[in-house]
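S.K.: Have a look at this one before I ask anything.
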Amino acid sequence: MNLTPARFSTLILVSLFSATLVSAQDLAFTSIGMAPEKPAEGPAVEVEGGFMVAYEQRIPGTDITFEMIPVPGGSFLLGSPDDEADRSDDEGPQVKLSVRPMWVAKHEVTWHEYLLYMDMYQIFKDFEAKGERKVDTNDLTDAVTAPTELYDPDHTFEYKTDDSQPAVTMTVYAAKQYSKWLSLMTGLQYRLPTEAEWEYAARAGTETAYSWGDDPEEVEDHSYYFDNAFDGPGLVATKEPNPFGLYDMHGNVAEWTVNEYTEDGYQWLVEAGVTDATKAVKWNTAPWPMVARGGTWEEDPDRLRSAARLPSDDEEWKEEDPNFPKSPWWFSNDPARGVGFRLFRSFEPIPAAELEPFWEAVSEETKMDIEARVSGGRGGYGVVDAELPAAVEAAR
């Protein structure tokens, strides 16, 4: 893959749709991903004023697309019942939550997509050197950081960077900034999910240990896991999808959520009386532990259950990172090569003040690490807006 500014060609602001998704004449209806009538084919979710439909989002300035699937609202029990096989204590108590309609990416963010964001580091540096597209450091609302170059790319890329492999080893902060970068270019609110939103999407209306049932012997048809993934993450969307049409919710790579890990599971939700899945967030006061969901290609089937949780550990996951402070964008050690992320988008846009922690660092320690890296010249900010791809093309 040629990772140069040339990849960002003519600015394309409108998502393109295939015939099996939504037709071009529907683009003017309310917003991208909406249709006035239920399409003859494909998933659709009825909402006030029309139907949420599947759509392809083109990353502006490129020919790279990804698909978003409509997921209906509803309610469910977060966590696992006491009698579920292989259950961990941190998966309860079960809490009933309501979930609003949303779009969920068909599969995890791939290297084809993420490498474009990685390329922003040098692009932002070039703009800074030329005094172009200056960043107002007093107002970073329209600015993002891009991940610095990998300390040891041979480690992260040992299992290749196939266009259809999920991107891995990024931190929660880097995944958040990716979603902000994409959002500011497209005008749509892409973000990481809360833990509850992720589990609702993974369960897809089921109450069993996995979205296909309780039998771990059926994992082969649905997941890349320890026994069938010998060369790293598999290609996305090559196993069976769950009932919502989402692929790789079990296995392949675990997926970041915005929630801080809590050893006592969801007791805090019970005490707080939270009932809305989008608000069921334990914002982190420290960089770790954060929660990744879905299990990885390095794990056994029991860790791929819908309720299973994986807490991050920066001390172990960044053990070989020689930087000081250690990178806020990358992990250097396993199991991080089994951790990536998936994009979500709410049907009802989230107010700006509530959206900010979905995009930005929350813990003060992470904020200080970012500023230390930026002030030391090992990081930087860049303005991101609808004009960015055209600006990159002009600067070639």
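S.K.: Could you please give the count of residues in region 175-188 that are open to solvent by 50 Å² or more (accessible area, probe 1.4 Å) and polar (S, T, N, Q)?
M.R.: Within region 175-188, residues that are open to solvent by 50 Å² or more (accessible area, probe 1.4 Å) and polar (S, T, N, Q) number 0.
S.K.: Just wondering, is there one or more residues in region 131-138 that are part of a helix (DSSP H, G or I), open to solvent by 10 Å² or more (accessible area, probe 1.4 Å) and not aromatic (Phe, Trp, Tyr)?
M.R.: Checking region 131-138: not a single residue is part of a helix (DSSP H, G or I), open to solvent by 10 Å² or more (accessible area, probe 1.4 Å) and not aromatic (Phe, Trp, Tyr).
S.K.: Can you tell me which residues in region 359-379 are assigned to a loop (DSSP other than H, G, I, E, B), over 19 Å from the mean Cα position of the chain (by Cα) and not small (Gly, Ala, Ser)?
M.R.: Answer for region 359-379, where residues must be assigned to a loop (DSSP other than H, G, I, E, B), over 19 Å from the mean Cα position of the chain (by Cα) and not small (Gly, Ala, Ser): just Arg378.
S.K.: Considering Val172, Val258, which residue is open to solvent by 10 Å² or more (accessible area, probe 1.4 Å), touching a residue at least 12 places away in the same chain (Cβ under 8 Å) and within 15 Å of the chain's Cα centre (by Cα)?
M.R.: Matching residue, one of Val172, Val258: Val172.
S.K.: Something else about it: I need the full set of residues from region 376-395 which are open to solvent by 40 Å² or more (accessible area, probe 1.4 Å), of a type outside the set (D, E, K, R) and touching a Ser or Thr at 6+ places or on another chain (Cβ under 8 Å), in order please.
M.R.: Of everything in region 376-395, those that are open to solvent by 40 Å² or more (accessible area, probe 1.4 Å), of a type outside the set (D, E, K, R) and touching a Ser or Thr at 6+ places or on another chain (Cβ under 8 Å) turn out to be Tyr381, Ala390.
S.K.: I would also like to ask the following. Considering only region 266-298, state which residues are touching a residue at least 40 places away in the same chain (Cβ under 8 Å), open to solvent by 40 Å² or more (accessible area, probe 1.4 Å) and more than 20 Å from the chain's Cα centre (by Cα).
M.R.: Gln267, Val270, Thr275, Thr285 - these are the residues of region 266-298 that are touching a residue at least 40 places away in the same chain (Cβ under 8 Å), open to solvent by 40 Å² or more (accessible area, probe 1.4 Å) and more than 20 Å from the chain's Cα centre (by Cα).
S.K.: Restricting the search to region 74-100, which residues are of a type in the set (Ser, Thr, Tyr), farther than 30 Å from Gly187 by Cβ and either in contact with a helix residue (DSSP H, G or I) (Cβ under 8 Å, 6 or more places away or on another chain) or part of a strand (DSSP E or B) (or both)?
M.R.: Once the filter is applied, which keeps residues that are of a type in the set (Ser, Thr, Tyr), farther than 30 Å from Gly187 by Cβ and either in contact with a helix residue (DSSP H, G or I) (Cβ under 8 Å, 6 or more places away or on another chain) or part of a strand (DSSP E or B) (or both), region 74-100 yields Ser75, Ser80.
Quick grid of which residues meet (1) in contact (Cβ under 8 Å) with a residue 12 or more places away in the chain; (2) in contact with a Cys (Cβ under 9 Å, 6 or more places away or on another chain); (3) under 21 Å from Glu387 (Cβ atoms); (4) not charged (D, E, K, R):
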residue: Gly49; (1), (2), (3), (4): yes, no, no, yes
residue: Val104; (1), (2), (3), (4): yes, no, no, yes
residue: Glu108; (1), (2), (3), (4): yes, no, no, no
residue: Gly131; (1), (2), (3), (4): no, no, yes, yes
residue: Pro147; (1), (2), (3), (4): yes, no, no, yes
residue: Pro153; (1), (2), (3), (4): no, no, no, yes
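S.K.: Starting from residues that are among the polar types (S, T, N, Q) and not in a helix (DSSP H, G or I), keep the ones in region 171-201 and report whichever is nearest to Met118 (Cα to Cα).
M.R.: Thr171
S.K.: Also, I was wondering about something else. Asp163 passes all but one of (1) modelled with pLDDT under 95; (2) in a loop (DSSP other than H, G, I, E, B); which number fails?
M.R.: (1)
S.K.: Another question about this same structure. Looking at (1) within 22 Å of the chain's Cα centre (by Cα); (2) within 29 Å of Ser164 (Cα to Cα); (3) acidic (Asp, Glu), which is the only condition Glu356 fails?
M.R.: (2)
The values are calculated or read from the model by the stated rules, or taken from the named source; none is laboratory data. None of these values were measured; they are calculated from a predicted model. No Cβ is skipped: glycine too gets one built from the backbone with ideal geometry, and neighbour counts run over all protein chains shown. Quick note on the areas: whole protein, heavy atoms, side chains included, nothing else; ligands and nucleic acids left out. Shrake-Rupley method; radii C 1.70, N 1.55, O 1.52, S 1.80 Å.
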